[in-house]
Each structure stands twice: as C-alpha cells, then as structure tokens.
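Asker: Below is a structure I'd like to ask you about.
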Amino acid sequence: MALKIDLRAFTPEDEQAVLDLFAACEDWFVAATGQPSGPGDVQSMYYALPPGCDPEQKRLLLIEAEGEVIGLVDAVLGHPDPQTCAVGCYLLAPRWRRRGIGGAVAASLLSAAPAVRRVTATLAPDWPPGAAFLRATGFRVADTPGVSVGDRNTGPTERAALRAELDVRSFHAQDHGVVVARTGVTEPSVG
C-alpha cells in the first residue's frame with residue numbers, strides 16, 4: 001500500500017506542530033547549529049532570506065502524513081537567478097526518514113516548477129545523512145565548508161556550511177511508492 005503524503009503551505013496556525021517537529025529533529029539542529037532548536041526558530045523561518053530576495057519568492061511548505069506534520073521545506077524561488085531555487089531547510093522527523101519521502105517530495109516539487117533548472121542547498125558539515133540524501137538524488141556536494149549561514153544568528157559551535165548544487169536534469173529518486181499531494185501549494189512563477 002502506498003504511503004500518502006500531503007505537501008501544503010505553512011500557516012501561522014502551524015507553529016506548535018512545527019515546534020514539535022523541530023523538537024523531534026534535535027539531532028539535525030545540534031549537528032547544524034551546535035544546539036537544540038529554540039522558540040524563535042519557527043518565526044525566523046519567515047524572515048530568513050538571502051540578500052536581495054523579495055519575500056514573495058519564499059516558500060515554506062509542510063510535509064504531512066497520517067494527520068501529523070512530519071517535515072518542512074524552506075525554499076526561495078528565483079535565487080540567485082530566475083532559473084534557480086535555493087533550499088534553506090529540508091527536514092524530516094526521524095521516524096519518517098529513509099522511507100522515500102524526501103525524494104518523492106523533491107520530485108513532486110520539481111515537476112511543479114518546470115522553469116527551475118538548478119537547485120542549490122546548504123548543508124551542515126556534521127550531518128552525513130543530509131549529504132547522503134543529496135548525493136543519492138543527484139546533487140554535487142562540496143568537500144569543504146565555506147558558505148555562511150545567511151541572515152540569522154549562528155549557534156555557538158556552528159561552522160560554515162557545505163554548498164550543494166543540482167542540475168535538475170541529473171535528479172533521480174527511487175520509487176518507494178510514496179504518493180505526494182500538493183494541497184494549497186501555489187504553483188511557482190519563476191523564469
């Protein structure tokens with residue numbers, strides 16, 4: 001039986017569910033920032049943008065399964081150029097990882113954005129599962145850190161991030177029978 005996933009826009013009413021997701025993903029937060037998530041991390045997702053980006057380019061999406069928020073995607077369309085999407089955060093709760101959800105969601109998003117030709121991402125250097133996921137889907141991941149964390153406060157032991165880049169023609173994801181519905185997700189207007 002196929003696993004059904006819903007991908008939808010993040011709304012202010014989702015704050016507690018996202019706080020719960022962040023608490024469940026403490027392993028990622030510690031690897032990425034050196035500390036667990038804090039209460040301001042949800043609000044900062046709304047405001048964290050690369051320099052020169054319009055807030056209209058930002059997409060905050062929730063991944064749901066079985067009535068629970070199990071993941072989050074933070075992306076900026078048209079950055080740094082009209083054919084590129086920059087992914088700031090792509091997070092799945094631990095009990096939902098390694099089930100094909102990440103690849104299925106990425107495939108669904110890419111199919112909804114035909115103007116996107118390149119995807120960039122940053123990656124915590126101390127997060128091997130993220131590097132493995134990116135490489136498995138076709139990203140090239142830099143070997144050495146060098147990307148600043150953007151317009152937010154850094155954690156006490158946070159290091160520069162690794163940069164990853166995908167030419168969408170190189171994207172691939174294994175089919176694990178995950179079905180993704182995009183409920184209330186507006187189609188991008190990039191390009």
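Asker: Report, to the nearest whole %, how much of the accessible area of the chain belongs to carbon and sulfur atoms, 1.4 Å probe, protein only.
Answerer: Values: 5410 of 10060 Å².
Here it works out to 54 percent.
Asker: Turning to a different aspect of this structure: Once the dipole of the chain is set up with Lys and Arg at +1 and Asp and Glu at -1 on Cβ about the Cα centre, which of I70, L49, L162 lies farthest towards its positive end?
Answerer: L162
Asker: Take the chain, connect every pair of alpha-carbon atoms lying under 10 Å apart with a spring to form a Gaussian network, then pick out the residue of V105, V179, V116 with the largest mean-square fluctuation.
Answerer: Result: V179 has the largest fluctuation of those listed.
Asker: Ranking request for peptides 107-115, 10-18: highest mean number of other beta-carbon atoms within 10 Å first, then the rest in descending order. Present the calculation step by step, with values, prior to reporting the outcome.
Answerer: Details: 107-115: 16.6, 10-18: 13.6.
Ranking, from highest mean packing down: 107-115, 10-18.
Asker: With a/c under 1.5 counting as rounded, go ahead and sort the stretch 4-115 into rounded, prolate or oblate using the C-alpha gyration tensor (a ≥ b ≥ c being the square roots of the eigenvalues; past the cut-off, prolate if a/b is larger than b/c, else oblate). Could you put the intermediate results ahead of the total?
Answerer: Values: a/c = 1.66, a/b = 1.19, b/c = 1.39.
Oblate is the answer for the stretch 4-115, as a/c is 1.5 or above yet b/c matches or exceeds a/b.
Asker: Separate question: With the other protein chains left in place, how much accessible area per residue, in square angstrom, belongs to the stretch 1-47 at a 1.4 angstrom probe? Before the final figure, lay out each step's value.
Answerer: Working: 2550 Å² over 47 residues.
Result: 54 Å² of accessible area for each residue.
Asker: At what distance in nm do the modelled label points of E56 and S111 sit from each other, each positioned 7 Å from its Cα along Cα→Cβ?
Answerer: That separation, rounded to one decimal, is 2.8 nm.
Asker: Turning to a different aspect of this structure: So what's the back-of-envelope 222 nm ellipticity for the chain, counting only DSSP H runs of four-plus at -39500 (n - 2.57) apiece and dividing by all residues, rounded to 500? Each step should come with its number before you reach the end.
Answerer: Values: 5 runs with 47 residues, N = 191.
Helices in the chain give a 222 nm mean residue ellipticity of -7000 deg cm²/dmol.
The values are calculated or read from the model by the stated rules, or taken from the named source; none is laboratory data. Everything numeric in this text was worked out from a predicted model, so none of it was measured. Neighbour counts are summed over all protein chains in view; Cβ atoms, including those assigned to glycine, are modelled from backbone coordinates with ideal geometry. Protein only, heavy atoms only, side chains kept; ligands, DNA and RNA dropped before computing areas. Shrake-Rupley method; radii C 1.70, N 1.55, O 1.52, S 1.80 Å.
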